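J.: The structure follows.
The values are calculated or read from the model by the stated rules, or taken from the named source; none is laboratory data. These figures come from a predicted structure and were not determined experimentally. Virtual Cβ from ideal backbone geometry, glycine too; neighbours counted across all protein chains shown. Just the protein is used for accessible areas: all its heavy atoms, side chains included, with ligands, DNA and RNA removed. Shrake-Rupley method; radii C 1.70, N 1.55, O 1.52, S 1.80 Å.
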Amino acid sequence: GAHTFNSVSFITELEDEARDLYTIDGPQHLWSRKKSLRIRVSKFVETLRNCKHDETKGAIWLPIRKYETIDAGAVMTVCSDCLDDSEPREHVAAWTEASLVQVDTEGDVELRFPYLPLSSWFFADR
């Protein structure tokens, strides 16, 4: 059957896995690797807790890289129904893909949607 993603359950599972990494067992040469994994999982859990969650769609807004490091032409997906920040404002449906045109010096993102004649802006401080 279909599986619905639940971000709260996922975070709890990650925390449980991180707790298991506190046990000192196995060969001593792996202890530092376990500590490193535990730290990485803890940071990931903290990042997930600070993200925007949409449980109705099983979505988590989790930026993987800073926008400034993403190349023009990269495909991005809008994660929820919204209006862009352009004039006039355009409605953008959830899960719509667009290609990145640019990121300006303020971190605002310009996207090109295939169904719109002009590109759309999304301000960094939304």
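J.: Test of understanding: among Glu97, Glu87, which residue is at pLDDT 90 or above and within 28 Å of Phe10 (Cβ to Cβ)? Before you say what the answer is, go through the steps one by one.
T.: Working: Glu87 fails: within 28 Å of Phe10 (Cβ to Cβ).
Criteria check complete, one pass: Glu97.
J.: Cβ-Cβ distance below 6 Å, separation of 6 or more or different chains: which pairs start in region 77-99 with a residue that is touching a residue at least 40 places away in the same chain (Cβ under 8 Å) and end on one that is open to solvent by 60 Å² or more (accessible area, probe 1.4 Å) and in a loop (DSSP other than H, G, I, E, B)?
T.: Asp85/Phe123
J.: If I go through region 75-111 residue by residue, how many of them are aliphatic (A, V, I, L, M) and open to solvent by 30 Å² or more (accessible area, probe 1.4 Å)?
T.: The initial filter retains those residues of region 75-111 that are aliphatic (A, V, I, L, M), namely 75-76, 78, 83, 92-94, 98, 100-101, 103, 109, 111.
Narrowing further to those that are open to solvent by 30 Å² or more (accessible area, probe 1.4 Å): 75-76, 83, 93, 101, 103.
Adding up the residues that qualify gives 6.
J.: Output the residue which, of all residues in region 42-76 that are in contact with an Asp or Glu (Cβ under 8 Å, 6 or more places away or on another chain) and at pLDDT 85 or above, is nearest to Val8 (Cα to Cα).
T.: Checked region 42-76; the qualifying residue nearest to Val8 (Cα to Cα) is Met76.
J.: Restricting attention to region 100-118, report how many residues are of a type in the set (S, T, N, Q) and in contact (Cβ under 8 Å) with a residue 24 or more places away in the chain. Full working, then the answer.
T.: To start, the set of residues in region 100-118 that are of a type in the set (S, T, N, Q) comprises 102, 105.
Among the residues that remain, those that are also in contact (Cβ under 8 Å) with a residue 24 or more places away in the chain are: 102.
Going through region 100-118 one residue at a time, the tally reaches 1.
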